[in-house]
Amino acid sequence: MDDIKSKILTGDYRIGERIPTEASLQDMYQVSRHTVRKAILELSSEGFLRSEKGSGTFVTNLYQTKPAGHAHMKTIGVITTYISDYIFPSIIRGIESRLNEENYSLLLASTNNDVEQEKKALEMMLSFGVDGLIVEPTKSNLYNPNISYYLSFKEQDVPLIMINAYYEQLEVPFLCLDDVKSSYLATKELIASGHQQIGLISKTDDLQGKYRMKGYIQALGEAKLNFLPEHVLFFDTESKQHLGEQITTFLLAHQHELTALVCYNDEVGLEVANVCSEIGLSIPDDLSIIGQDNSYIAQKNAHVKLTTLTHPQEQMGRDAADWMIKKVQGKKNLPDQTFYEPELVPGETIKQMNARKK
């Protein structure tokens, strides 16, 4: 049943098309006729299939069979990597507040940055028949096996916009922080404060990590400072749970070389601060750090006021919802790309190595 449903949602079985016969499905899945009929019955009751006596079983148009009680209200699907962590509550709050103003409902799902969970979320959105979809991509710097689901939304003219990142394989509208500039400004701030031995901690499976590393390299190049691969620590979603151990090993190996670190985000910056406390390094006297995203961690952490860069957060959420509302209402010529400009948020984690030039 799940496999047939996936084939319908990804367009392998198209609307109005007859699916294979019961006998063919028996051979295909190596199950009894009773099991095949039960699967077809379940899918028919969910609105995926309809059977015609003497003709076969056909794929129905899900968007004409939207669940009862939802026809009067537009529903926008929202898929984010996380819901309750880091900057995501602010983004979701922005989306929800704007949708509420227009009496739109919200259907929310998260992926935990896992492509299998993303697949389930996309299937849920397609099954429900949402009127539009706002997505924060999962592992956006890697090939995504769920591209066919996104193509299904486009084929059915369901508006789609991405936030924070996008899939480079797809041409879809998006709203993003200028991540290259964010890391560029972070690195330049350290250089302006007299630092020359600057390391980086970055994430490899999200597009933000790719672009934030690019900004770091650009700033070093402009200052005629060498880019040293050994001064870069990489992590991904799976290794994140061991990030503290990785940072400890990295800092112990390079503490006499590095005077500063550009951190992938504020969460990583706080982890660096915790590790420094454990191994006896003082921030900023022994090591300067700068985060990115101006999250609540940077704003309200009691131990250290992290120097960081801004992220639009709630404004991005509102803008994504506003774009979606206009698109659903038939507005034309909406922007395909929006980049937000980051700004420095001063803190207490950068040591002035020399007098700043005016």
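Quick note: the coordinates plus some simple rules give every number you see, no bench work behind them. Fair warning: this is a prediction, and the values are worked out from it, not measured in the lab. Neighbour counts are summed over all protein chains in view; Cβ atoms, including those assigned to glycine, are modelled from backbone coordinates with ideal geometry.
With a simple spin-label model that places each label point 7 Å from the Cα along the Cα-to-Cβ direction, the separation between residue 24 and residue 105 comes to 3.6 nm. The simple spin-label model puts a point 7 Å past each Cα toward its Cβ; for residue 249 and residue 277 those points are separated by 2.4 nm.
Give me the number: length gained by fully extending residue 35 to residue 241, i.e. 0.36 nm times residue separation minus the C-alpha to C-alpha distance, one decimal in nm. Don't jump to the answer; show the numbers that get you there.
Details: separation 206, 0.36 × 206 = 74.16 nm, distance 4.18 nm.
My answer for the length gained is 70.0 nm.
The Cα atoms of the range 136-294 give a gyration tensor whose axes a ≥ b ≥ c have a/c of 1.5 or more with a/b greater than b/c, which makes the shape prolate. Checking the cross-link pairs 181/240; 139/326; 74/210 against a 31 Å limit on the alpha carbon distance flags 74/210 as lying beyond it. Amide H contacts under 5 Å for residue 345: 308, 309, 310, restricted to partners 5 or more places along the chain or on a different chain, H placed in the peptide plane at 1.01 Å from N.
Annotation: amide H-H contacts under 5 Å for residue 135 (H modelled 1.01 Å from N, sequence separation of 5 or more, or interchain): 79, 161, 162, 163. Taking θ as phi - 60° and the Karplus parameters 6.51, -1.76 and 1.60, the scalar couplings of the range 310-325 work out to 6, 9, x, 6, 4, 5, 4, x, 4, 5, 5, 5, 5, 4, 5, 4 Hz in sequence order, x denoting glycine and proline.
Here the Karplus relation 6.51 cos²θ - 1.76 cosθ + 1.60, evaluated at θ = phi - 60°, turns the backbone of the range 194-211 into coupling constants of x, 7, 10, 9, 10, x, 9, 10, 9, 9, 9, 9, 10, 4, 4, x, 4, 6 Hz, with x for every Gly and Pro.
To the nearest ten degrees, helix 266-279 and the longest principal axis of the Cα atoms of the chain are 50 degrees apart.
Students often check this: by mean Cβ neighbours within 10 Å, which of 327-333, 221-227, 203-209 ranks highest, and how do the rest follow? Don't jump to the answer; show the numbers that get you there.
Working: 327-333: 10.1, 221-227: 11.7, 203-209: 21.9.
Final packing ranking: 203-209, 221-227, 327-333.
Tally Lys/Arg at +1 and Asp/Glu at -1 over every other residue whose Cβ is under 15 Å from the Cβ of residue 255; what's the total? Local net charge: -4.
Secondary-structure-derived ellipticity at 222 nm for the chain, considering helices only, amounts to -12500 deg cm²/dmol, per-run term -39500 (n - 2.57) for DSSP H runs with n ≥ 4. With both labels modelled 7 Å from their Cα along Cα-to-Cβ, the residue 232 to residue 42 distance reads 4.7 nm.
Phi-derived couplings, Karplus 6.51 cos²θ - 1.76 cosθ + 1.60 at θ = phi - 60°, listed residue by residue for the range 216-221: 4, 5, 4, 5, 4, x Hz, with x used for Gly and Pro. The Cα trace of the chain gives Rg and Dmax of 24.5, 86 Å, the first to one decimal, the second as a whole number. Amide hydrogen proximity for residue 265: with H placed 1.01 Å from N in the peptide plane, the residues at 5 or more positions away or on another chain lying under 5 Å are 292.
What size of dipole, in debye to the nearest 20, comes out for the chain about its Cα centre when the only charges are +1 on Lys and Arg C-beta atoms and -1 on Asp and Glu C-beta atoms?
Values: 36 positive and 48 negative charges, 173 e Å.
So the magnitude is around 840 debye.
Please find the FRET efficiency linking residue 73 to residue 214, where r is the Cβ-Cβ separation and R0 is fixed at 51 Å, and quote it to the nearest 0.05. Could you put the intermediate results ahead of the total?
Details: r = 43 Å, r/R0 = 0.83.
Here the calculated transfer efficiency is 0.75.
Taking the DSSP beta bridges with both ends in the chain, the antiparallel portion is around 20 percent.
Could you give the size of the charge dipole of the range 179-311 about its Cα centre, using +1 on the Cβ of each K and R and -1 on the Cβ of each D and E, expressed in debye and rounded to the nearest 20? Can you show the working numbers first?
Details: 10 positive and 17 negative charges, 94 e Å.
Its charge dipole is roughly 460 debye.
Each of 223, 251, 269 was placed along the dipole of the range 207-285 (beta-carbon charges, centred on the mean Cα), and the one lying farthest toward the positive end is 223.
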